[in-house]
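The structure appears right after this line, and notes come after that.
The values are calculated or read from the model by the stated rules, or taken from the named source; none is laboratory data. This one's a predicted model, so the numbers in the text were calculated from it and none came from an experiment. Don't worry about glycine lacking a Cβ; one is built from the backbone with ideal geometry, like all the others, and counts go over all protein chains shown.
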Amino acid sequence: MSMRKMLLGLLLALGVTPACAQDKTFDLKISHWVPASHPLQKALEDWATAVEKASGGTIKSKVFPAQQLGKAFDHYDMARDGIADVTYVNPGYQPGRFPIVGAGELPFLMSDAKGGSEALDAWYRKYADKEMKDVKYCLAFIHSPSSFHSRTRKIVVPDDIKGMKIRPAHATMANFVTLLGGTNVQSSAPEVRDIIERGVADAVTFPWGSLVLFGIDKVTKYHMDAPLYVTTFVFVMNKDKYSQMSDKQKKAIDDNCNTEAAGRVGEPWGKFEDAGLDKVKAEEGHEVYKLTPEQTALWKKASEPLVKAWADNVRKTGVDPDAAMAELKASLAKYNALTQ
């Protein structure tokens, strides 16, 4: 009998399984669609490092930014089909496909990126198995609350949108623009500066730090400082890849696919976006303005049909929208991220 077999026999007799020796090494492809200079790149690198450490070095990863592996729109299906192993998804890019998580896009709901990310994730876990069943759901998060940035005129009350051409952040904002008599101009984030400069769009809904990162502050002048909306995002994973892993490796993934991890992803991005507000305020020729309580009330009233449309879509999935919304608000209150 060889020395190795004797040792193995001894270990097994002692009830010690040499799991590390048996664990297959995985090289995960992690894909996203924003520039490598965006804070999401570091968040994903940090996530990968935490998983590698927890797996005893058996799960390694490489992050592919800027749509290298596929278009922003396709990232959910890329994880489902194994084109990438872990992907960053904006569910709002595909109107009607993920109606439940769309609650997070509704106006004047969330006030803070870290707490909002934790609250959204904690709430969505029970629905994700149904709504995103083709993939392993990892976590959900948001960016900081954001609103309108305009080149042509100040947007103060809902009536100001009438006749304007606006690039919306997602399906819910697009519906809002239509509802208020504006026209939507669709474009990816990197194209926004160009379409405003050329007059194809008059305004955009965009978070503050990204406004500066993408150079949109160079072509806009009027900025509403209000928690009008956030965008929801998820990390999802290929199911087959996860199922091939050992229990220890699955635990390394699971320990980084939880509500605490959602806060770790949302917080640095939130800080990056919030810092953009001061940058824009400090620039020449920009007007940053807050809404009065009366103006805020008008926006909330104007957004009621969006809440109804969300509820109607959720009802079709067999979920009670009133109960789901009450749960989301309770979760936001728990994590101190509910807009007052």
Subject >> Selection count, segment 255-285, where residues are of a type in the set (D, E, K, R) and within 19 Å of the chain's Cα centre (by Cα) >> reply: 6
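Let's see how each residue does on (1) at pLDDT 95 or above; (2) closer than 26 Å to VAL314 by Cβ; (3) not assigned by TED's automatic domain parsing to the domain that holds GLN67:
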site: PRO99; (1), (2), (3): yes, yes, no
site: SER117; (1), (2), (3): yes, yes, no
site: LEU120; (1), (2), (3): yes, yes, no
site: LEU139; (1), (2), (3): yes, yes, no
site: LEU179; (1), (2), (3): yes, yes, yes
site: VAL185; (1), (2), (3): yes, no, yes
site: ASP194; (1), (2), (3): yes, no, yes
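Looking only at segment 230-240, count every residue that is closer than 27 Å to HIS38 by Cα and surrounded by fewer than 24 Cβ atoms within 10 Å (Cβ to Cβ) and tell me the total.
Of the residues in segment 230-240, 3 are closer than 27 Å to HIS38 by Cα and surrounded by fewer than 24 Cβ atoms within 10 Å (Cβ to Cβ).
Looking at LYS126, LYS130, which is the one that is out of contact with any helix residue (DSSP H, G or I) (no Cβ under 7 Å at 6 or more places or on another chain), part of a helix (DSSP H, G or I) and either more than 26 Å from PRO305 (Cα to Cα) or free of Cβ contacts under 8 Å to residues at least 60 places away in the same chain (or both)?
On the way: LYS130 fails: either more than 26 Å from PRO305 (Cα to Cα) or free of Cβ contacts under 8 Å to residues at least 60 places away in the same chain (or both).
Step by step, each of LYS126, LYS130 is checked, and only LYS126 is out of contact with any helix residue (DSSP H, G or I) (no Cβ under 7 Å at 6 or more places or on another chain), part of a helix (DSSP H, G or I) and either more than 26 Å from PRO305 (Cα to Cα) or free of Cβ contacts under 8 Å to residues at least 60 places away in the same chain (or both).
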Original post:
Applying the selection to segment 167-195, what residues are under 22 Å from the mean Cα position of the chain (by Cα), surrounded by fewer than 19 Cβ atoms within 10 Å (Cβ to Cβ) and of a type in the set (D, E, K, R)?
Top reply: GLU191
Original post:
When you scan segment 236-261, how many residues do you find that are within 26 Å of GLU105 (Cβ to Cβ) and either touching a Ser or Thr at 6+ places or on another chain (Cβ under 7 Å) or in the same structural domain as VAL157 (by TED's automatic domain parsing) (or both)?
Top reply: 1
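Does ALA43 meet the test of being modelled with pLDDT of 95 or more, buried (at least 18 other Cβ atoms within 10 Å of the Cβ) and part of a helix (DSSP H, G or I)?
Values: modelled with pLDDT of 95 or more: yes; buried (at least 18 other Cβ atoms within 10 Å of the Cβ): yes; part of a helix (DSSP H, G or I): yes.
Answer is yes for this residue.
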**OP:** Taking LEU106 as the residue in question, decide whether it is in contact (Cβ under 8 Å) with a residue 12 or more places away in the chain and assigned by TED's automatic domain parsing to the domain that holds THR317.
**Re:** no
**OP:** Could you list, in sequence order, all residues of segment 306-340 that are assigned to a helix (DSSP H, G or I) and touching a Lys or Arg at 6+ places or on another chain (Cβ under 8 Å)?
**Re:** PRO321
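Of these, ASP74, ASP112, which one is free of Cβ contacts under 8 Å to residues at least 24 places away in the same chain and not β-branched (Val, Ile, Thr)? Before you say what the answer is, go through the steps one by one.
On the way: ASP112 fails: free of Cβ contacts under 8 Å to residues at least 24 places away in the same chain.
When all the criteria are applied, what remains is ASP74.
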Original post:
In segment 53-62, is there at least one residue being at pLDDT below 95, assigned to a loop (DSSP other than H, G, I, E, B), surrounded by 13 or more Cβ atoms within 10 Å (Cβ to Cβ) and among the β-branched types (Val, Ile, Thr)?
Top reply: no
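Of all the residues that make up segment 267-305, how many are hydroxyl-bearing (Ser, Thr, Tyr) and assigned to a loop (DSSP other than H, G, I, E, B)?
Residues of segment 267-305 hydroxyl-bearing (Ser, Thr, Tyr): 289, 292, 296, 303.
Checking the rest, the ones that are also assigned to a loop (DSSP other than H, G, I, E, B) come to 292, 303.
Within segment 267-305, residues that are hydroxyl-bearing (Ser, Thr, Tyr) and assigned to a loop (DSSP other than H, G, I, E, B) number 2.
Identify the residue in segment 78-118 that is acidic (Asp, Glu) and assigned to a helix (DSSP H, G or I) and, among all such residues, is farthest from THR339 (Cα to Cα).
Quick first cut of segment 78-118, residues acidic (Asp, Glu) only: 81, 85, 105, 112, 118.
When the remaining residues are screened for being assigned to a helix (DSSP H, G or I), the result is 81, 105, 118.
On the way: ASP81: 38, GLU105: 13, GLU118: 15 Å.
Looking at the filtered set, the residue picked out is ASP81.
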